[in-house]
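I have placed the structure first, in the form of structure tokens, so that the comments after it can refer back to it.
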Amino acid sequence: MADLVITGGTLVDGTGDAPRPADVAVTDGRITEIADAGSLAGTNAARTVDADGLLVTPGFVDVHTHFDGQITWDPNLTPTCWHGVTTVVMGNCGVGFAPARPDKHDWLIGLMEGVEDIPGAALSEGIQWGWESYPEYLDAIDQVPKSLDVGSQIPHGAVRAYVMGERGAKNQPSTPDDIAEMAVIVR
């Protein structure tokens, strides 16, 4: 018995094939059958959804997000979860929160606010800093329950601030030693 059967929808399967009428069965969180529309109607299932007139799609991947702070307090990453997104990638535009020296938290929040117009007050209130390095940040967000899959890029602005301090904040050129230290952090 399937956990879920979706009948009568138009399947857009993500392969590039043309949309087609189809039924889909799901068991233990995995698609177990895709059949011609109407073929699974009446199948014994814990739940059946009539998707007539609707699209049935895989989850969407949002490759450009700024949930770097919100991920520390919002397991649903609202509102993106409301729109069929099942995977997000953060750390875009070079802004993020790791690596983060303790005296640079406010600076990193200000950078995110200035670049992405995300309210600094919300970030200051929401982020519970418990890391300094990027691997420690990944460990911290790994501990937060999540309803979406998450990928993270290491943000250049945070790396530059970590290595160069005020020189980086003032957009001074990186020295060869700065670049070598940034490369070690990224590796």
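Given the criteria of a type outside the set (D, E, K, R) and free of Cβ contacts under 8 Å to residues at least 40 places away in the same chain, does G8 qualify?
For G8, the condition - of a type outside the set (D, E, K, R) and free of Cβ contacts under 8 Å to residues at least 40 places away in the same chain - is not met.
Counting the residues of region 12-37 that are touching a strand residue (DSSP E or B) at 6+ places or on another chain (Cβ under 6 Å), surrounded by 14 or more Cβ atoms within 10 Å (Cβ to Cβ) and part of a loop (DSSP other than H, G, I, E, B) gives 2.
In this structure, A46 qualifies as free of Cβ contacts under 8 Å to residues at least 60 places away in the same chain, in contact with a strand residue (DSSP E or B) (Cβ under 6 Å, 6 or more places away or on another chain) and over 30 Å from A18 (Cβ atoms). Enumerate the helices (runs of 4 or more DSSP H) found wholly within region 130-180, keeping only those where 1 or more residues are in contact with a Gly (Cβ under 6 Å, 6 or more places away or on another chain) and not polar (S, T, N, Q). Correct list: 134-142, 156-164. Scanning region 142-167 for residues that are under 19 Å from V95 (Cβ atoms) and within 27 Å of the chain's Cα centre (by Cα) yields a total of 14.
Among the listed residues D68, D23, D3, identify the single one that is in contact with a helix residue (DSSP H, G or I) (Cβ under 9 Å, 6 or more places away or on another chain), of a type in the set (D, E, K, R) and modelled with pLDDT of 95 or more.
D68
Determine, yes or no, whether A100 is among the aliphatic types (A, V, I, L, M), exposed (fewer than 12 other Cβ atoms within 10 Å of the Cβ) and either free of Cβ contacts under 8 Å to residues at least 40 places away in the same chain or assigned to a loop (DSSP other than H, G, I, E, B) (or both). No; evaluated as a whole, the condition is false for this residue. Annotation: of all residues in region 43-74 being part of a strand (DSSP E or B) and in contact with a Gly (Cβ under 7 Å, 6 or more places away or on another chain), the one that is farthest from V115 (Cα to Cα) is D50.
In the set L40, L77, only one residue is at positive phi, surrounded by 15 or more Cβ atoms within 10 Å (Cβ to Cβ) and not in a helix (DSSP H, G or I); that residue is L77. State whether one or more residues within region 47-65 are outside the structural domain of I6 (by TED's automatic domain parsing), farther than 18 Å from I154 by Cα and of a type in the set (D, E). Scanning region 47-65, I find no residue that is outside the structural domain of I6 (by TED's automatic domain parsing), farther than 18 Å from I154 by Cα and of a type in the set (D, E), so the answer is no. Of the conditions (1) over 17 Å from V12 (Cα atoms); (2) in a strand (DSSP E or B); (3) in the same structural domain as T10 (by TED's automatic domain parsing), V89 satisfies every one except a single condition; which number is it? Failing condition for V89: (3). Hey, could you check region 153-174 for residues that are among the charged types (D, E, K, R) and surrounded by fewer than 15 Cβ atoms within 10 Å (Cβ to Cβ) and say which is nearest to V115 (Cα to Cα)? Going through the qualifying residues, I end up with K170.
For region 78-108, the set of residues classified as over 17 Å from N171 (Cα atoms) and more than 15 Å from the chain's Cα centre (by Cα) consists of A98, P99, A100, R101, P102, D103, H105, D106, listed by residue number.
The values are calculated or read from the model by the stated rules, or taken from the named source; none is laboratory data. All values reported here derive from a predicted model rather than from experimental measurement. In this analysis, Cβ positions are derived from the backbone assuming ideal geometry, glycine residues included, and neighbour counts consider all displayed protein chains.
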